[in-house]
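Heads up, the thing below is written out as structure tokens.
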Amino acid sequence: MKLTAPGFGRNCVCAPAGFVVISSIAPPDVGRRRSLSAVRYAATVDTTPRTLSSAQTFLMKVIFPPFWIGGFALATVTLFLSPGSWHDAHGGALDPDTKWFFLLATIVGGGFIWWSCVRLKRVRMDDRALYISNYSTEIAVPLVNVAQVSENRWINIHPVTIEFHAGTEFGSRVVFMPKVRWFAFWSSHPVVEEIRAAVRRATGQAPDRDCGLTSA
């Protein structure tokens, strides 16, 4: 039972002994303040993906490998099957060991090109996820799933490797080629720190906490 207390407003009540009346009426501007806070938070989240990988990724992944591997493979086959069609600079027959050199170069070079080029991915990122594509399929991986970010400074394209806590359609790690920087061959690529910072924000980590950056 709720009765209006004499001499007070309608929000003040009196109650029989043994009962406690709790008013849950909030000031009229509380909901408005919460709404404004939600709007301000949403405004700080960037939902427009920005490209992290180089524009040359398609060339390095799709165009270059077939030309290089195909060219060496064709030369190797003809050296084995039709060695007389090849001549040295003086018009003489090639050294018989040349075909073995080309075979080794095709195997070793093809393996290196697959490792450094064919597995490259196109990568975009916003404040919530990474968008990873092999130019046929694109997947979204939440930033909270990123376990480690590393780069290899020994290779001129500075490939960046992203490892995940849980596997994805592209496996537990992906590699991409960051945008080319001229005359900055040995320094760490800034895209690595950019990903690290985005992961820290997504996971609520301290700004200076290391989330797995390593450089080879």
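A few remarks follow.
- Over the range 121-215, relative contact order from alpha-carbon pairs under 8 Å, at least 6 apart, %: 27
- Distance histogram for the range 121-215 (every C-alpha pair counted, 5 angstrom bins, percent rounded to whole numbers): 3, 14, 26, 25, 19, 11, 3, 0
- Couplings for the range 121-130, taken from phi via the Karplus curve 6.51 cos²θ - 1.76 cosθ + 1.60 with θ = phi - 60°, read 10, 8, 10, 10, 8, 10, 7, 10, 8, 9 Hz in order; Gly and Pro are left as x.
- Note on the range 57-118: Kirkwood radius taken over Cα pairs, Stokes-Einstein applied at 10 °C and 1.306 mPa s, translational D equal to 126 µm² s⁻¹.
- Between the amide H of residue 53 and those of 123, distances stay under 5 Å, these residues lying 5 or more places away or on another chain, with hydrogens modeled in the peptide plane.
- Interchain or long-range residues, amide H under 5 Å from residue 147's placed H: 163, 164, 165
- Counting all C-alpha pairs of the range 120-172, share separated by more than 13 Å (%): 62
Every number here is computed from the coordinates shown, using simple stated rules; none is lab data. These numbers were taken from a predicted model, which means no experiment stands behind them.
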